[in-house]
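Beneath this line is the structure, given in structure tokens, with notes to follow.
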């Protein structure tokens, strides 16, 4: 895919919590600048508390930056844009009293999709993630990995160009994460969506991403961006390749000192809690 057209621009974005001069003021993110091409999967990785999720929320319009701005297709983000941006969260956000297909349809209802169109789109989205046979099941009847597939189906059903994913596989076992990662790579190749994926996993970041943005300890700054020159869909043998291993090691070297800084900061404010 030709990734020369920028869809998301992050320009000098900073985020602080607390008033100026307040000793409790926390600067979570500082001067983040990114150009994200259409159809790219960008991973954000960094120590806990470095502003990864904060940056994701600003891009999605769920938070307003203290300074700087984000634009999507040249239009400044000033709030949520459900017609353009879908979310997949780490936490299970499925309604337990609704069937799988009704959970998928619900996102479309919030988006304003007509009732007559929801059924077809929901079934198409479930098929895309291999969950078509579980359309009439309830979330309590599903495994953790299956629930995340449904959440991804719900995002796909919105038919937005951009999908923001905040550690969506973090609560799953390693084997399930690997399989879902392969499936996500296939979906990216087939749909051409622009995806921003927050993760703490070095291997997951490299396996999924076209580029990996490495953030420093708080206040989070973009330390380096690593290109992963590997076409989608990614094959399982890439997971065990020397290329992935070398890039994982590079990420570890970049993050090692930042994680130490984070641990020191926690100790200074009363312990690692």
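Laboratory data are not the source of any read-out in this text; all were calculated from the coordinates shown. Computed from a predicted model, the values in this text were never measured in an experiment. Backbone-built Cβ (ideal geometry, glycine too); neighbour counts: all protein chains shown.
Quick look at the values:
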item	result
Verdict on residue 204 being at positive phi and buried (at least 16 other Cβ atoms within 10 Å of the Cβ)	no
Members of region 202-243 that are touching a strand residue (DSSP E or B) at 6+ places or on another chain (Cβ under 8 Å), part of a loop (DSSP other than H, G, I, E, B) and without any contact (Cβ under 8 Å) to a residue 40 or more places away in the chain	228
Residues satisfying the stated conditions in region 8-53, i.e. assigned to a strand (DSSP E or B) and over 22 Å from residue 224 (Cβ atoms)	16, 17, 26
